Structure formats: C-alpha cells, structure tokens
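Have a look at the structure below before the remarks.
The values are calculated or read from the model by the stated rules, or taken from the named source; none is laboratory data. Just so it is clear, the structure is predicted and the values come from calculations on it, not from any experiment. Here the Cβ positions follow ideal geometry from the backbone for every residue, glycine too, while neighbour counts run over all protein chains shown. All accessible areas refer to the heavy atoms of the entire protein, side chains included, with ligands and DNA or RNA removed. Shrake-Rupley method; radii C 1.70, N 1.55, O 1.52, S 1.80 Å.
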Amino acid sequence: MEAKENGENKKPSSGAIDGPTNPMVTPLLTDLYQFTMAYAYWKAGKHQERAVFDLYFRKSPFGGEYTVFAGLEECIRFIANFKLTEEEIDFVRQSLSSSCEDGFFDYLRGVDCSDVEVYAIPEGTVVFPKVPLMRVEGPIAVVQLLETPFVNLINYASLVSTNAARHRHVAGKSKTLLEFGLRRAQGPDGGIGASKYCYIGGFDATSNVAAGKLFGIPLRGTHSHAFVSSYMNLDEISDKSLRRKDGSSTCDDFVIEVQTWLSKIQLSNGVFGETNQSELAAFTSYALAFPDNFLALVDTYDVIRSGIPNFCAVALALSDLGYKAVGIRLDSGDLAYLSCEVRKFFRNIEKEFGVPEFGKLAITASNDLNEETLDALNKQGHEVDAYGIGTYLVTCYAQAALGVVFKLVEINNQPRIKLSEDVSKVSIPCKKRCYRLYGKEGYPLVDIMTGENEAPPKVGERILCRHPFQESKRAYVVPQKVEELLRCYWPGNSDKKKDSLPALRDIRERCIKQLEIMRPDHMRRLNPTPYKVSVSAKLYDFIHFLWLNEAPVGELQ
C-alpha cells in the first residue's frame, strides 16, 4: 500500500544549514594522509596558501555515456558545520607522530570553512567525464581535509542515481518503479542513501520507512510470504465484519462473501480445483486490515491455480462493499508469461461479472530484477505495471564505484597539472568555467571548459571546441543556447551570490527533465554515442604548454 508523502526536506528557519543526514559524517571521516599533509603544510607555513581543486570523474559508469550528479547537498551540509571538537583533536594528536608540534593542534581548533568557496553543477544534472562537478577554493590545508568526505559523499550518490536513471530508461515512463533494496544494501547508510538517490534518479517510491521520514519519499509496501504461510485456515479470522466504504452498512461475515465469490470463479472457469485455503485466509485477513489498499503477494503456493483465484475472490468481495483492490505482486517464476496470464484472467473476470476496471488491476513484479531483466521483459512482451527492484539497484552490482577524483588545479593563482603515462589521468589545469552548448533541436551538443577569464561562448557565435588531449579531434559549434554549469553554493567570506539548496523533489524533477532532453543515442543501453567534452582553443594551447613545461625531458645514452 502507499503511505502519505511526508513533504519536502525541512530547512532550518534560522537560515543555518542542518548537519549531514548521517551523523558519522564528521571531520574525522577522512583518510589519515589528509591530516599528515595538513600538518606538513602547516609546518612549512603553506597552510593558508589559496588552492583550487576540481572534483570530477574520468569515465561514465555501467558502460554508458552519462552520469547523474548527486550528493551536493550533503557536501554543503558538511562544510556548513565543519568544526573539530576537542575529543576529535585529541584523537588526531594520538594518531599523528609524537614529533608534531602543539601549535598545529591549536590551529585545528580554529579551522572551519568560512574561507572556503564551493562552486558546483546543480544536483540532479546529467554530467560527463572530465567536467568539474565541483570546484573547491580555499586555504590548502582546509580544502585538503575536505577531499575524502566530498569524494565519499559524491561517489555512491552519483553512481546509484545513475543506476536508477538507467533502470527508469529501460522500464519506460509509464511504469512505476519501487526501490526495495534496504535489506540488501551495504549497511544502514547504504540503504538510506540508496532510497534518497534512487528517488532522484526517477524511482517513484521506497519501502524504506526511515528514508520516507527523513526525505519525504513516498512509501510503498504490502506483505511477505511469511504473512501468507502464517495462516492455516479461515477459522483463524476472529473478526469477520467489514463496513461498507460509504459507511452505509456493515457486512457481518466477509469470509462468507469471499468463499461465495471463489465458488463463482471456479464454476465460471471450470478449470480450478481447490485453492490453498491458508492463502485464502491470509488474503482475507489482509483485506480486512487494509480494504482500501489490498495488494497481495500471489506466488507462495501456485500463482495460477491458487494465488490468482484467491486474490480475485477477495477483490470481488471488496468490490461488493465499494472498495477497489490495488492488484497483485509476483515474486518468482516466468514474469513475462505469468503477468500475461494474470492480465487475461483479470479481463475475463471483468467481462464475466461486469466489474468495471477489474482488468486494469496493477501487476507488480519483483525477484532480483535488474536492467537486463527489464530489457528482456520488454522484448518478450509482458503486462507488468510496476517493478520492485532491490539488490542489483542499491548495491550497484554492475559497477562497484564511480571513480570520483579530487585534483589540485591551481595554487596561489599558479595553474598546476597532474601528468600520467595514461592520458585519461592527466588533469586539466587552472580555474575554469564550464558551459553546455545546445543545438537547434534542443539537445545538448557539447560541454566546453574555458579559462576563468575567457569571454563566455555566445548564442549564434561560431566556437572552436577541441578535445583536451587529441589534436585532430575538434569541431566548430554554433550554439542555439548556452548554459553555464558551475554555480556558487558556498561563497565563504566572499560577497558572491549563493544559490539555495533545492528540495529533494525539485532535484528529482531536474534529473527527469535533464534525461528527457538528452539525445537518444547518448542514452541507449548498448553502444551509446560518446558525448563530447571539450576545451576552448586557448585552454587547449595552455594545457599542452604546461604539459611540455612540467614533463621531464629524457636523455638517451
């Protein structure tokens, strides 16, 4: 059944920002080397030097060509409340070398993020490799302490949001998607995070009650096989009365009504023997508890010979009293075949007994579903209306991590580059501005990065877009729309205008709209067309100048 929505994320009325959803997200949720580097910066007198870091990923997950950016709000919550306690400072002292000077720990007592600036692409945006999802500026020692928690908060959030979006793409817009992964998730935080970010990625509801309370995500659920098998017979139902939906009268023995309908169904079809009576008792009892939201799990014993006739008998008895059953859930077997047979049965009932809309009762499928299963069902033909998806969704079974990185691109206004024999790992230096250029059909054509002080691309102007590293890959683009991607979400001590954090439902809506405007060939499951990520001609020249300048020259002897 469906629970009421709990509303939007609550923001404190004082204008302050709540701390992270997970109380374990503290300044200590970092790697030890962040504190060792912070000490070394402090010891060298470099800790206040102004640094710029880019957070990005190198390759889209799941063999696809797009990613959904998520986790930004938790990062802003984290830095808004960043402060080490005395207990935490004492633990850092114990964890570092005994040679560390006391002055460093005095310094840590004053550390916060008031001098940090964070620019980011709006959460829920479709994003691509190499483009900075976040740009973080501030004193290098402080920003270094933010690296690991930021990467942690973005990595899984973006991965599972993308996984959810891919499932939505395969299922289609008309299907209801339910996240049922809490029991299989990687611990409590994995379960809570999955519910939140699957909702962003396009799922309609979750079974996770805690996530429903925290984030206002719609809740859905029914009963398990245990409920069905816990009943032995109809005599276990003590209170058999059920009031009509309009309150005009009361049926004193709902069980008799159910049994009468079961006999009619059996006579009408002429093919059913005795159904499982313990299952009938369970369905009847559940309907008495939830007459407005009766949805039954029908595969405990036998879907066609028992589960469906038993369900229909209870649903028809409810109909006589003015209630409308929701439908059934299939959790095993050939889902394509069974869903088609069930739909056929429902339509026959509607026609035989003149019950309006009975043929349209919802059929929900579960049982270790994944992207491939949904695709196979589409190809086989099915009558499933909703999918309950758990393990493969929330664990991101097809790919363990997104591979987000956090790289220094500038210090004291001096651009820095990270080189590698693997060109995909070469960083793009300096503080940048990022734009999305749209074509005449309304699709995004290319993302382009420019130096901070370059003139922005203009609508109708011809722009040379270059691959960051491959000289021959370049194209002219005349954009019909230009969108700047990075916005200020934490201005620190600067007077820059700050973008507000949107409600979860607005982030979800943004994600859905973003996915809709992408070109279909970028979105397909197999062999998607790579989306173009480029740099301006000036930035291209600068990258390669710096590359040659920083790379050591070998000597042959």
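Sparse packing (at most 13 other Cβ atoms within 10 Å of the Cβ) combined with a DSSP loop state is found for the following trypsin sites (Lys or Arg not before Pro) in the stretch 156-199: LYS173. Of the beta bridges in the chain, as assigned by DSSP with both residues counted there, near 70 percent are antiparallel.
Helices in the chain, meaning DSSP H runs of at least 4 residues, each add -39500 (n - 2.57). Divided by all residues, the mean residue ellipticity at 222 nm is -11500 deg cm²/dmol.
At a 1.4 Å probe radius, which order do MET523, MET24 fall into by accessible area, largest first?
Working: MET523 10, MET24 140 Å².
From most accessible down to least: MET24, MET523.
Taking 15 Å as the straight-line reach from the Cα of LYS418, the aspartates and glutamates in range (excluding those fewer than 8 positions away in the same chain) are ASP54, GLU410, GLU550. Between ARG462 and ASP521, the FRET efficiency estimated from the beta carbon spacing at R0 = 30 angstrom works out to 0.80. Taking every DSSP bridge with both residues inside the stretch 222-384, close to 20 percent are antiparallel. In summary, the lysines within cross-link reach of LYS440, defined as a Cα separation below 21 angstrom excluding same-chain residues under 8 places away, comprise LYS458, LYS481, LYS513, LYS532. The GluC sites (Glu not before Pro) of the stretch 467-557 that meet both conditions, a loop assignment by DSSP and at most 11 other Cβ atoms within 10 Å of the site Cβ, are GLU471, GLU555.
Maximal additional length on extending the GLU441-ALA398 stretch stands at 12.2 nm, based on 0.36 nm per residue less the C-alpha distance. The modelled label-to-label distance for the pair LEU556/LYS213, using points 7 Å beyond Cα in the direction of Cβ, is 7.1 nm.
Number of Lys-Lys pairs in the stretch 222-384 with C-alpha atoms under 21 Å apart and a separation of 8 or more places or on different chains: 14.
Rounded to the nearest 10 square angstrom, SER161 shows an accessible area of 0 square angstrom against a 1.4 Å probe.
Here is the P(r) of the stretch 222-384: all C-alpha pair distances, binned every 5 Å from 0, give 1, 9, 19, 22, 21, 14, 8, 3, 2, 0 in whole percents.
What residues from the stretch 111-140 fall in the zone where the backbone N is under 19 Å from a label point 7 Å along the Cα-to-C-beta line of ARG50? 112-120, 135-140, by backbone N distance to the label point. Calculate log10 I(q)/I(0) of the stretch 378-515 for q = 0.15, 0.16, 0.17, 0.21 Å⁻¹, where I(q) comes from the Debye formula with a single equal point scatterer on each Cα and nothing for solvent. Values, matching the q order: -1.15, -1.24, -1.30, -1.41.
Above 15 Å, the calculated P(r) of the stretch 61-168 contains 68 percent of its Cα-Cα pairs. In whole percent, what relative contact order does the chain give with Cα contacts below 8 Å and a gap of six or more residues? For the chain, the relative contact order is 19 percent. Each residue, GLU101 and ALA40, gets one label point 7 Å from its Cα in the Cβ direction; the gap between the two is 1.8 nm. Only Cα pairs under 8 Å and 6+ residues apart enter the sum, and on that basis the relative contact order of the stretch 90-140 stands at 33 percent. Charged side chains reduced to their Cβ positions (Lys and Arg at +1, Asp and Glu at -1) give the chain a dipole of some 1880 debye around its Cα centre. Overall, the stretch 222-384 carries a charge dipole of about 520 debye about its Cα centre when +1 sits on the Cβ of Lys and Arg and -1 on the Cβ of Asp and Glu, all other atoms neutral.
Extension gain, SER332 to LEU548, is 71.7 nm, computed as 0.36 nm per intervening residue step minus the present C-alpha separation. Distance between the modelled labels on TYR33 and ASP253, one decimal in nanometres: 7.7 nm (7 Å Cα→Cβ projection). Only protein atoms count toward the accessible area here, which uses a 1.4 Å probe; on the chain, the carbon and sulfur part of that area reaches 50 percent.
A 1.4 Å probe over all protein chains sorts PHE227, PHE469 by accessible area into PHE227, PHE469, starting with the largest.
Pairs of alpha-carbon atoms within less than 8 angstrom and 6+ residues apart define the contacts here; what relative contact order does the stretch 461-501 have, in percent?
27
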